[in-house]
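> Quick one: the structure is below, and I'll ask about it shortly.
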Amino acid sequence: MTEFIGGRRPVVEALVAGRPAHRLLVSGSARPSPELKAVLAAAREASVQVETVPLDQLGRMAGFDGHQGVLLEVGERRWADVDEMLARASAAGHEPLILVLENLQDPTNFGTLLRSAEAAGAHGVVFPERGAAPLSAAAVKASAGASEHLLLARVESLGHSLRDLQAGGLHVVAADQDAPATAWETDLTGPMAVVVGSEGEGISGATRRRVDLLVSFPMAGRVASLNAATAGALLLFEIVRQRRSA
C-alpha cells in the first residue's frame, strides 16, 4: 500500500528522513525555482525515479490542491507506540514530552500541531484511529514535513494511551480557558503529555477526568478562546521555556 506526499518542503523532508519512496511525480508545467531544484536534488540523492505528469493528474492523485507541482509516492507509514516514544526520550536523556491529539477535524490544524511538536522537540504524537481527521496529504503538507521526523502513534483507545503515559510517570496537561491557574504560573517542568481537544468541543469529558493539570492563557482581547493549534503550540513552548529556565 502506498500514499502520497505533496508540497516541495514536505517532499524534501521525507526524502532526507529516509522515507522509502517509489517515484517522484513533477508537473510538466512547473517553473524552475530553487525549491524545485532542491526537490530534484533530494530525489537524485535518494535514487528515486522522477516522472513528469500533467498538473491536473497531480491534483487528482494528491486529493488536494496544495501539492505545489510535486508528489512523492511513498510506502506505507510505520506507526510507533508510547513505549517507543518514552525510549527515545530516555536515550536522549530528556524528560519526555508527548503531544496527544483528541478528535481534531481540520487537517490544517493537525499538520500545524505536528510542526509545532517537532519544533518543540516532542518525542512523539498520539492520535486516534477513528473520529478525527486522518494524516492525509493535506495534513502532511501543513506540517511542512515535520510528520516525517516524528514518532506517530495511531491508537484504538486514547484513554488507554493516556493511562500508559501516566504509568510511565508523565503528567497529562491540557489548556482550558476556565482553568483558574495559568500555564505561566503552573510548574510544567517534569515529564509531560499535552492534550489538545477538538476544534469545537475541546477535550471530551472522559479525557478531562484523566487530565492531571488544566491551565489557561490570559486573554486581553475580545475573543474568548484560542484556535486549537495555537493553544497547543503555546502550551508546548511554555513547557520548553520552563525547562530551559530551570
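The values are calculated or read from the model by the stated rules, or taken from the named source; none is laboratory data. Predicted model only: the values in this text are computed from it and were never measured. Reconstructed Cβ throughout: ideal geometry from the backbone, glycine too, with neighbour counts over all protein chains shown. For accessibility, only protein heavy atoms count, side chains too; no ligands or nucleic acids. Shrake-Rupley method; radii C 1.70, N 1.55, O 1.52, S 1.80 Å.
> What list of ³J(HN,Hα) values in whole Hz, one per residue of the range 171-188 in order, does the Karplus curve 6.51 cos²θ - 1.76 cosθ + 1.60 (θ = phi - 60°) give from phi, with Gly and Pro shown as x?
8, 9, 10, 9, 8, 8, 5, 8, 5, x, 9, 7, 4, 5, 9, 9, 6, 10
> Could you give each residue of the range 65-80 its phi-based ³J(HN,Hα) in whole Hz, using Karplus coefficients 6.51, -1.76, 1.60 with θ = phi - 60°, and x for Gly or Pro?
Each residue's phi maps through the Karplus curve to give 9, x, 6, 6, x, 9, 8, 9, 8, 10, x, 4, 5, 8, 8, 9 Hz.
> Over the range 1-147, what is the mean sequence separation of C-alpha contacts under 8 Å (at least six apart), divided by residue count, expressed as relative contact order in percent? Don't skip to the end; give the middle numbers.
Values: 259 pairs, mean separation 44.9, N = 147.
Rounded, it is 31 percent for the range 1-147.
> How much accessible area per residue does the chain have, in Å², with a 1.4 Å probe? Intermediate results must be reported in sequence, preceding the final value.
Values: 11920 Å² over 246 residues.
Accessible area per residue: 48 Å².
> Kindly work out what percent of the DSSP beta bridges joining two residues of the range 156-242 are antiparallel, to the nearest 5. Don't skip to the answer; put the middle values down first.
Working: 1 of 9 bridges.
Around 10 percent of the beta bridges assigned by DSSP in the range 156-242 are antiparallel ones.
> In µm²/s, what is D for the range 1-61 at 4 °C and 1.567 mPa s, where D = kT/(6 pi eta Rh) by Stokes-Einstein and Rh is the Kirkwood radius from Cα pairs? Each step should come with its number before you reach the end.
Details: Rh = 11.9 Å.
Calculated translational D: 109 µm²/s.
> From Cα pairs below 8 angstrom and at least 6 apart in sequence, can you work out the relative contact order of the chain, rounded to a whole percent? Provide the component values of the computation, followed by the final result.
Numbers: 479 pairs, mean separation 49.2, N = 246.
Rounded, it is 20 percent for the chain.
> Once amide H atoms are built 1.01 Å from N in the peptide plane, which residues 5 or more positions from V53, or in another chain, come under 5 Å H to H?
The answer is V26, S27, G28.
> Just the accessible area for S157, please: 1.4 Å probe, Å², rounded to the nearest 10?
For S157, the solvent-accessible surface is approximately 40 Å².
> Divide by every residue of the chain the summed helix terms, -39500 (n - 2.57) for each DSSP H run of at least 4, and state the resulting mean residue ellipticity at 222 nm, rounded to the nearest 500 deg cm²/dmol. Please report the intermediate quantities before stating the final value.
Working: 9 runs with 93 residues, N = 246.
Result for the chain, helices only: -11000 deg cm²/dmol.
> Please build a GNM for the chain, connecting alpha carbons under 10 Å apart, and tell me which residue among A193, A175, A41 fluctuates the most.
It is A41.
> Are there any trypsin sites (Lys or Arg not before Pro) in the range 103-180 that are in a DSSP loop and have at most 15 other Cβ atoms within 10 Å? List them by number.
On the way: sites: R115, R130, K141, R154, R163; in loops: R130.
Listed in order of number, the matching sites are R130.
> Moving on to the next point. Could you tell me what percent of the accessible area of the range 45-176 is made up of carbon and sulfur, with a 1.4 Å probe and every protein chain present?
44 percent
> Which whole-number percent gives the relative contact order of the range 95-232, counting Cα pairs below 8 Å spaced six or more residues apart? Write out the running numbers ahead of the final one.
On the way: 257 pairs, mean separation 40.7, N = 138.
RCO, the range 95-232: 29 percent.
> Something else: Note the direction-averaged projected area, equal to a quarter of the hull surface, for the Cα convex hull of the range 76-206, in nm². Don't skip to the answer; put the middle values down first.
On the way: hull surface 32.1 nm².
Orientation-averaged projected area of the Cα hull: 8.0 nm².
> Starting from the range 63-99, pick out the GluC sites (Glu not before Pro) whose DSSP state is loop and whose Cβ has at most 11 other Cβ atoms within 10 Å.
Values: sites: E73, E76, E84; in loops: E76.
Within the range 63-99, the qualifying GluC sites (Glu not before Pro) (loop, at most 11 other Cβ atoms within 10 Å) are E76.
> Now a separate question. Using θ = phi - 60° and the Karplus form 6.51 cos²θ - 1.76 cosθ + 1.60, what ³J(HN,Hα) does each residue of the range 53-60 get, whole Hz, x for Gly and Pro?
Karplus-based 3J(HN,Hα) across the range 53-60 equals 9, x, 4, 5, 5, 4, x, 5 Hz.
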